[in-house]
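The values are calculated or read from the model by the stated rules, or taken from the named source; none is laboratory data. Given the structure is predicted, the values throughout are model-derived calculations rather than measurements. Cβ placement follows ideal geometry from the backbone for every residue including glycine, while neighbour counts extend to all protein chains displayed. Surface areas here come from the heavy atoms of the whole protein model, side chains and all, with no ligands, DNA or RNA. Shrake-Rupley method; radii C 1.70, N 1.55, O 1.52, S 1.80 Å.
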Amino acid sequence: MSPRPTGWHAGTVVDIRQETRTAKRITLDVPGWPGNDAGSHLDLRLTAPDGYQASRSYSIASSGESTRVVLAVDEVPDGEVSPFLVHDVRPGDALEVHGPLGNYFIWDPAASASHVQLIAGGSGVVPLFAMADAHGRGGDPAGFRLLYSVRTPDDRFFAAELGELADRDRIDVTYRYTRSTPDGWPSPPGRVTRELLAETTWPADVAPAVYVCGPTPFVESVSDWLVELGHEPRAVRTERFGGG
Amino acid sequence: MSFITRGFTGRGRERDPALPPGQSLVEDWPVLSAGPTPEIDTADWEFTVVTENGRHSWTWDEMQALGVEDVTVDIHCVTHWSKLGMAWRGVPLDKIFEEVETSHDYVMAHSYGGYTTNVPLDELLDGQAWIAFEADGEPLGAEHGGPARLLVPHLYFWKSAKWVRGLVTMPDDDPGFWEQNGYHLHGDPWKEERYW
Amino acid sequence: MRVDGNAATGSLAEVFGRDVSLAITTCAHCGHEDLLARCIAYVSAMGTVMRCATCHEVLAVVVGDGARFTLSLAGMRSIQVVAAEGA
Ligand SMILES: Cc1cc2nc3c(=O)[nH]c(=O)nc-3n(C[C@H](O)[C@H](O)[C@H](O)COP(=O)(O)OP(=O)(O)OC[C@H]3O[C@@H](n4cnc5c(N)ncnc54)[C@H](O)[C@@H]3O)c2cc1C
Ligand SMILES: [Zn+2]
């Protein structure tokens, strides 16, 4: 696979929908976009009339050879960029993006024989959804599992799409609710723990490729536990989203 | 190829004539970090000044005993935000340099964690700079540079080194951490001395 | 904000003109060799500071104002990339 060129592009917002209570799904059409692998991100730059600029990274929920680029942005209260994207951006607006970026945190169906373990916290599911979706569209034999930590059922990103992939047996999804659960859920709300990782994720002896993504403290504790549970540090790829 | 993003103005981009060019007011106090946040106990804290004539050092209590001042100053971060009328508490560098002799014209501030920044010595004196340990009536949290940071409010705020542990005087204006990496040697917000 | 070196790919692409997240770097402080994407990056509006995942010393710094970028590689003994066109 030859590397995809990285560059600045002007994208046009073609669709916006409510993704969760606090997040929007924003679809861009980006003429000249070279396509992107599942899991990569882009840098988005906003420019004020006085020339002031702010730039942030966003993972890409879509993949493949298309000029359609799907983002899912969660509002960080009092943030500078995410509240603008969630509340102020409208279809037809132009947004400046730099990408695709991050050849490290990608899943390439052609290059991977092993099973795949995805572990997400909150909006950290965005690049992992891109991987699951690519797997769902392809015929590869990898066994996909997702452990997804999220505050409440209403905070799940790509809930319908993940449900559909699970129904087709392309992925096995375990939700972990940290604030409130659906009625009749077997366990009370709580964080992901080392024990939960041991119970619900691919064990180290099947040598899965592991992708962990979410808020920095979440990613750091999960990846430490995975190594304690015997996973090869190099088999655990992380994408910290920041925050603390 | 940059173009203006419809509707975007930036966080709290409120104009005020008291602000240097390109700055706007913020209500919160953003935290910028370039590395892990050191946690230093005041019992272990030590402040050292090294000159061509030798080394002086002060413990936490010795530093306080030099004489604490309350000041109200404006701070200006090179990333375009400012805070006006912030209350700080600290020891003026004049007190420290009463006990130190040097013929050097510049200093390098050194921090726990390895950060450095350069400042002309005469811009640290005459009530222009402090070793500060309280802001807005609270002890400085580690994320804001506590237990003590340098406070040089008339220069961009990266000069106000967090977690400061000492000064080394220098005959020449050698660059510190950000200054080696593209930021201005001096950093006057009124002259917009952002990059070199 | 502490993130992965992978998140610094955009800043580095401003200088290198391409994705160098899979470059292999050697820390000048401790000799640790790793993929660039696996270092620790501190990203703020002042710039991006990449630190060694093992010794936490500074590997590289990128500062840019949108118009001009400064990259310092003083903390890297070496950086190895594969040839740009699929070699
Ligand atoms: C590689 C990468 C991919 C990312 N992908 C996505 C994505 O797909 N969807 C998405 O919603 N976000 C994503 N993020 C996070 C995103 O880049 C921004 O950090 C986030 O949108 C907040 O920006 P802001 O300007 O609103 O907040 P800021 O103004 O930067 O920060 C405001 C306050 O919120 C805190 N904060 C900053 N970032 C976060 C965070 N991520 N979580 C919690 N608190 C935070 C800050 O410490 C600060 O106190 C990604 C980050 C990285 C590095
Ligand atoms: Zn090192």
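A compact table of results
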| item | result |
| --- | --- |
| Which listed residue is at pLDDT 95 or above, closer than 28 Å to B:Val31 by Cα, open to solvent by less than 10 Å² (accessible area, probe 1.4 Å) and away from ligand 2 (no atom under 16 Å from the Cβ), from A:Val97, A:Val30, A:Val76, A:Val69 | A:Val97 |
| Among the candidates C:Val58, C:Val20, C:Val63, C:Val43, residue that is within 8 Å of another protein chain (Cβ to nearest Cβ), aliphatic (A, V, I, L, M), open to solvent by less than 20 Å² (accessible area, probe 1.4 Å) and touching a residue at least 12 places away in the same chain (Cβ under 8 Å) | C:Val63 |
| Matching residues, segment C:68-87, being within 9 Å of chain B (Cβ to nearest Cβ) and either among the polar types (S, T, N, Q) or open to solvent by 50 Å² or more (accessible area, probe 1.4 Å) (or both) | C:Arg68, C:Phe69, C:Thr70, C:Ser72, C:Ala74 |
| Scope segment A:28-48; condition away from chain C (no Cβ under 14 Å) and out of contact with any strand residue (DSSP E or B) (no Cβ under 7 Å at 6 or more places or on another chain); matching residues | A:Pro31 |
| Scope segment B:164-196; condition within 12 Å of another protein chain (Cβ to nearest Cβ) and touching a Pro at 6+ places or on another chain (Cβ under 6 Å); matching residues | B:Glu192 |
| Close pairs (6 angstrom Cβ cut-off, 6 or more residues apart or separate chains): over 18 Å from A:Glu19 (Cβ atoms) in segment A:142-170, assigned to a loop (DSSP other than H, G, I, E, B) anywhere | A:Ala142/A:His115; A:Gly143/A:His115; A:Phe144/A:Ile171; A:Arg145/A:Trp202; A:Leu147/A:Thr201 |
| Single residue of segment C:46-55 satisfying the filter (of a type in the set (Val, Ile, Thr) and either within 15 Å of ligand 1 (Cβ to nearest atom) or within 15 Å of B:Ala34 (Cβ to Cβ) (or both)) that is nearest to the other protein chains (Cβ to nearest Cβ) | C:Val49 |
| Residue, least open to solvent (accessible area, probe 1.4 Å), within segment A:192-218, restricted to residues that are under 23 Å from the mean Cα position of the chain (by Cα) and over 24 Å from A:Gly39 (Cα atoms) | A:Leu196 |
| Segment A:103-130: number of residues that are more than 19 Å from C:Gly5 (Cβ to Cβ) and more than 10 Å from the chain's Cα centre (by Cα) | 10 |
| Subset of segment C:7-17 that is touching a Leu at 6+ places or on another chain (Cβ under 8 Å) and under 28 Å from B:Glu143 (Cβ atoms) - its residue that is surrounded by the most Cβ atoms within 10 Å (Cβ to Cβ) | C:Thr9 |
| Residues satisfying the stated conditions in segment C:56-69, i.e. at pLDDT 95 or above and more than 16 Å from ligand 2 (Cβ to nearest atom) | C:Val62, C:Val63 |
| Test: residue in segment A:187-202 that is farther than 27 Å from C:Ala7 by Cβ and acidic (Asp, Glu) | yes |
| Segment A:5-27, subset buried (at least 16 other Cβ atoms within 10 Å of the Cβ) and within 10 Å of chain C (Cβ to nearest Cβ), residue nearest to A:Ala134 (Cα to Cα) | A:Thr6 |
| Hits in segment B:140-160 - residues which are open to solvent by 10 Å² or more (accessible area, probe 1.4 Å), over 18 Å from B:Leu66 (Cβ atoms) and more than 9 Å from the chain's Cα centre (by Cα) | B:Gly141, B:Ala142, B:Glu143, B:His144, B:His154 |
| Total residues in segment B:113-125, condition surrounded by 21 or more Cβ atoms within 10 Å (Cβ to Cβ) and either over 13 Å from the mean Cα position of the chain (by Cα) or β-branched (Val, Ile, Thr) (or both) | 2 |
| Answer residue from segment C:24-40, given it is more than 12 Å from chain A (Cβ to nearest Cβ) and open to solvent by less than 50 Å² (accessible area, probe 1.4 Å) and is nearest to ligand 1 (Cβ to nearest atom) among those | C:Thr25 |
